1. Exactly one of (1) free of Cβ contacts under 8 Å to residues at least 12 places away in the same chain; (2) within 7 Å of another protein chain (Cβ to nearest Cβ); (3) under 24 Å from the mean Cα position of the chain (by Cα) is unmet by B:Tyr389. Its number?
2. Determine which single condition A:Asp190 fails, assuming it passes every other condition in (1) touching a helix residue (DSSP H, G or I) at 6+ places or on another chain (Cβ under 7 Å); (2) buried (at least 22 other Cβ atoms within 10 Å of the Cβ); (3) of a type in the set (Asp, Glu).
3. Take the residues in segment A:335-347 that are at the interface with chain B (Cβ under 8 Å from one of its Cβ atoms) and surrounded by fewer than 24 Cβ atoms within 10 Å (Cβ to Cβ); name whichever of them is farthest from the chain's Cα centre (by Cα).
4. Have a look at B:Val221, B:Val145, B:Val171 and point out the one that is out of contact with any Asp or Glu (no Cβ under 8 Å at 6 or more places or on another chain), over 22 Å from A:Lys218 (Cα atoms), hydrophobic (A, V, I, L, M, F, W, C) and crowded, with 23+ Cβ neighbours inside 10 Å.
5. Checking A:Ala13 against (1) farther than 13 Å from A:Asn173 by Cα; (2) within 14 Å of another protein chain (Cβ to nearest Cβ): exactly one of these is not met. Which one?
6. I need the full set of residues from segment B:259-290 which are within 14 Å of chain A (Cβ to nearest Cβ) and surrounded by 24 or more Cβ atoms within 10 Å (Cβ to Cβ), in order please.
7. What are the pairs with Cβ atoms under 7 angstrom where one residue, in segment A:69-88, is under 15 Å from A:Asn41 (Cβ atoms) and the other, located anywhere, is of a type in the set (Gly, Ala, Ser) and surrounded by 15 or more Cβ atoms within 10 Å (Cβ to Cβ)? Sequence gap at least six, or different chains.
8. Counting only residues that are over 19 Å from B:Ala366 (Cβ atoms) and crowded, with 16+ Cβ neighbours inside 10 Å, how many does segment B:159-168 have?
Protein chains: 2
Amino acid sequence: MNIKDIAKSAKEASLELLGASEQLKNTALKMIRENIEKNKNEIFAANQKDLEEAKELVLNGKITNATYARLKLDENKMREMLKGIDDVISLQDPVNKVFWTKELDEGLILKKVSCPIGVIGVIFEARPDVISQVASLAIKSGNAVILKGGKESNNTNAKMEQVINEALGCVENFPKNAVNLVFSHEDIKDLLKLDEYVDLIIPRGSNKLVKYIQENTKIPVLGHASGICHIFVDESAKADLAIKVCKDAKIQYPSACNAVETILVHKNFPELNKLKKVFENAGVEIIENPKDFSCEYGDKLVSLKIVANVDEAINHINKYGSGHTDCILSENMENVKKFMDYVDSAGVYHNVSTRFADGFRYGFGAEVGISTNKTHSRGPVGLDGLTIYKYKLFGNYQTVEPYAKGEKTFTHKSI
Amino acid sequence: MNIKDIAKSAKEASLELLGASEQLKNTALKMIRENIEKNKNEIFAANQKDLEEAKELVLNGKITNATYARLKLDENKMREMLKGIDDVISLQDPVNKVFWTKELDEGLILKKVSCPIGVIGVIFEARPDVISQVASLAIKSGNAVILKGGKESNNTNAKMEQVINEALGCVENFPKNAVNLVFSHEDIKDLLKLDEYVDLIIPRGSNKLVKYIQENTKIPVLGHASGICHIFVDESAKADLAIKVCKDAKIQYPSACNAVETILVHKNFPELNKLKKVFENAGVEIIENPKDFSCEYGDKLVSLKIVANVDEAINHINKYGSGHTDCILSENMENVKKFMDYVDSAGVYHNVSTRFADGFRYGFGAEVGISTNKTHSRGPVGLDGLTIYKYKLFGNYQTVEPYAKGEKTFTHKSI
């Protein structure tokens with residue numbers, strides 16, 4: 001099938017999924033979990049093939065050791081993958097939630113109800129464990145999905161898709177073609193044009209890939225191109241604890257998008273030298289007043305700037321930040337309130353490491369990505385972020401005419 | 001100021017508005033209301049100028065009589081305009097609503113809180129009453145706004161903007177440049193490129209304008225290009241009431257986007273002839289099995305198709321509809337449930353005219369438009385639709401490390 005036919009049949013599947021019960025969706029997830037476990041060794045074998053090929057690429061300098069490590073599927077990752085599916089099964093159904101019910105007039109009842117978005121295209125790096133995570137979230141939220149993984153994991157991905165669809169094929173009444181996998185880079189280009197069938201694109205990958213996608217499609221794109229996270233260390237912060245948090249935010253996983261890139265220190269913070277010392281001892285290079293405050297190092301490098309007060313910190317963050325996650329370390333509650341209200345980011349933190357910005361840590365069960373968008377979903381996106389709503393209006397053959405003429409008026413009562 | 005500077009200063013205003021209290025916003029709205037009333041005659045005079053110029057255009061066939069009528073601001077529309085502001089004042093503040101609070105672990109509290117989107121660009125037709133409506137909604141939801149009205153109402157628009165900003169200038173602590181007006185068609189082209197400053201575009205106008213905008217910007221666009229609304233008249237519908245609803249949905253205001261374009265009739269509906277008769281008597285032309293079921297007539301024309309059952313109706317709507325508003329007239333609750341779940345539209349109605357799809361009628365106070373998007377806001381968009389959320393995390397200097405190492409686990413308790 002070409003990509004257009006795949007998207008078309010995914011659309012059909014998504015329309016069937018609109019009315020899928022929680023029970024049907026959970027049965028599907030359980031079958032997938034079972035079948036992955038049953039075919040574990042075949043999946044490992046497919047992964048082994050990818051790893052063989054990747055070894056060459058590492059030797060030729062075409063992929064990094066880190067990519068190779070992410071590519072590898074071991075017993076540990078398999079266990080996490082299966083637990084991830086269990087977690088999604090145990091989460092509440094995000095569909096058919098009634099946000100509110102309103103009586104517009106006697107016998108005229110309006111309900112705002114959550115529903116699936118439709119067809120979601122997810123483009124991700126060479127991480128074979130992502131497929132089951134994204135497929136689970138999509139199924140539980142009633143969406144069809146078109147997946148494109150990094151080409152280095154093609155063998156594992158193909159096996160995973162086969163195992164997932166084999167499982168779904170055994171679930172009575174579950175639509176065909178809800179989970180789809182495509183392989184080539186050409187497919188991405190074509191996918192981006194299919195706004196007739198695809199409702200949302202979620203890219204997970206390099207800044208370059210995300211920017212390319214944002215600039216080449218009319219389909220809404222959910223994600224983030226960069227994660228320029230900040231910590232503002234206020235004058236009143238508890239010094240030792242503040243330094244500990246800064247260190248965690250940088251070195252616990254320097255290449256993560258929620259790692260801190262710039263530390264803004266109040267000019268009267270008493271332990272600036274100690275802060276620098278701790279960073280140096282941890283092998284982190286401090287760049288004071290860099291030329292470019294909007295660079296995402298993704299490495300053991302951090303920008304440092306002395307600021308006069310919380311206002312300067314807020315202005316700096318709103319100017320150079322990427323709206324991802326920013327933190328204030330402070331015991332001055334007035335400053336904290338200001339920071340939490342005026343910093344225009346998806347996550348604003350008080351006295352806590354930026355590294356907490358994550359769907360698992362937020363208790364969303366899993367995430368399809370972290371969004372710095374300011375429409376639809378923001379921050380870590382889990383099940384709720386994959387839904388939209390519809391208005392259901394229940395009446396008794398009412399017409400608009402008497403309301404337009406002023407013979408009848410609306411009551412607009414919450415019920 | 002050129003459009004880039006306008007957008008830049010609107011962005012600055014939007015950052016100041018992030019922390020605006022409900023009281024400040026309501027004071028601003030009251031001042032605007034007062035100043036419009038005070039300057040009523042000057043506004044009428046400006047409108048008179050527009051009307052003089054528009055008369056020429058009507059005579060030359062460059063604008064329609066309907067456009068001329070919409071352009072006209074009379075005492076009636078003025079009263080509605082002022083009442084519209086009062087309505088927005090009386091609505092609950094949509095900002096700082098806490099959707100939920102969760103304990104991630106002891107002393108680590110996550111809140112999902114509503115907040116403004118930022119800078120919204122609204123492009124609308126020659127209707128001078130739209131300015132105060134959109135400006136009120138933007139102010140109450142804490143957003144800055146850049147307005148571009150139809151050029152035929154340039155004089156009225158300029159006066160309105162002057163009166164609004166004069167009022168805002170008298171409100172202590174209210175940011176400058178929150179409400180901005182631009183005039184030329186070139187400005188639209190430039191505005192669409194300013195994704196650095198503008199967070200959302202809302203076009204209200206012809207299908208052609210909306211499509212042009214959707215295809216020429218990276219900024220999220222909220223709105224609808226077309227309103228292909230359907231009514232499915234089931235076998236079991238109460239015949240006379242059903243015919244009354246169909247008639248209302250077509251003729252009450254044929255050019256409205258929520259007017260019905262296609263009526264799908266169950267093959268066993270007993271009063272098909274009567275339905276046709278009623279339409280004919282009302283001057284509506286019935287087109288049976290037209291070539292193009294996705295045409296928005298916007299006039300006294302309606303497509304008619306006989307269908308075998310509710311499934312055929314649902315499939316037809318999901319294929320040809322625009323996801324705006326669709327209705328089932330039926331007494332068969334199984335069919336009703338199916339229709340409400342499986343029709344993939346912003347509004348799904350049971351036994352009620354499609355013409356109810358409207359922000360005022362839904363009790364939203366006002367609307368900036370009706371969205372057929374499947375991300376962010378859907379259906380009539382009022383105050384809530386102009387907000388997004390942020391995650392606020394409050395801690396006690398926690399680091400991620402002990403959680404990553406498995407020494408600590410999350411509690412994820414709703415509180």
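1. (1)
2. Evaluating A:Asp190 over (1) touching a helix residue (DSSP H, G or I) at 6+ places or on another chain (Cβ under 7 Å); (2) buried (at least 22 other Cβ atoms within 10 Å of the Cβ); (3) of a type in the set (Asp, Glu) leaves (2) as the failure.
3. Within segment A:335-347, the first condition is being at the interface with chain B (Cβ under 8 Å from one of its Cβ atoms), and the residues that meet it are A:338, A:340-342, A:344-347.
Still in the list and also surrounded by fewer than 24 Cβ atoms within 10 Å (Cβ to Cβ): A:338, A:340-342, A:344.
Values: A:Lys338: 27, A:Met340: 22, A:Asp341: 23, A:Tyr342: 23, A:Asp344: 18 Å.
So, considering only residues that are at the interface with chain B (Cβ under 8 Å from one of its Cβ atoms) and surrounded by fewer than 24 Cβ atoms within 10 Å (Cβ to Cβ), the one farthest from the chain's Cα centre (by Cα) is A:Lys338.
4. Values: B:Val221 fails: over 22 Å from A:Lys218 (Cα atoms); B:Val171 fails: crowded, with 23+ Cβ neighbours inside 10 Å.
After ruling out the rest, the residue left standing is B:Val145.
5. It fails just one condition, (1).
6. Of everything in segment B:259-290, those that are within 14 Å of chain A (Cβ to nearest Cβ) and surrounded by 24 or more Cβ atoms within 10 Å (Cβ to Cβ) turn out to be B:Ala259, B:Val260.
7. Filtered contacts from segment A:69-88: A:Met81/A:Ser132.
8. Here is the first cut: in segment B:159-168, the residues over 19 Å from B:Ala366 (Cβ atoms) are B:159, B:162, B:165-166.
So of that shortlist, the ones also crowded, with 16+ Cβ neighbours inside 10 Å come out as B:159, B:162, B:165.
Residues that pass the stated criteria total 3.
The values are calculated or read from the model by the stated rules, or taken from the named source; none is laboratory data. Note that the structure is predicted; figures quoted are calculated from it, not measured. No Cβ is skipped: glycine too gets one built from the backbone with ideal geometry, and neighbour counts run over all protein chains shown.
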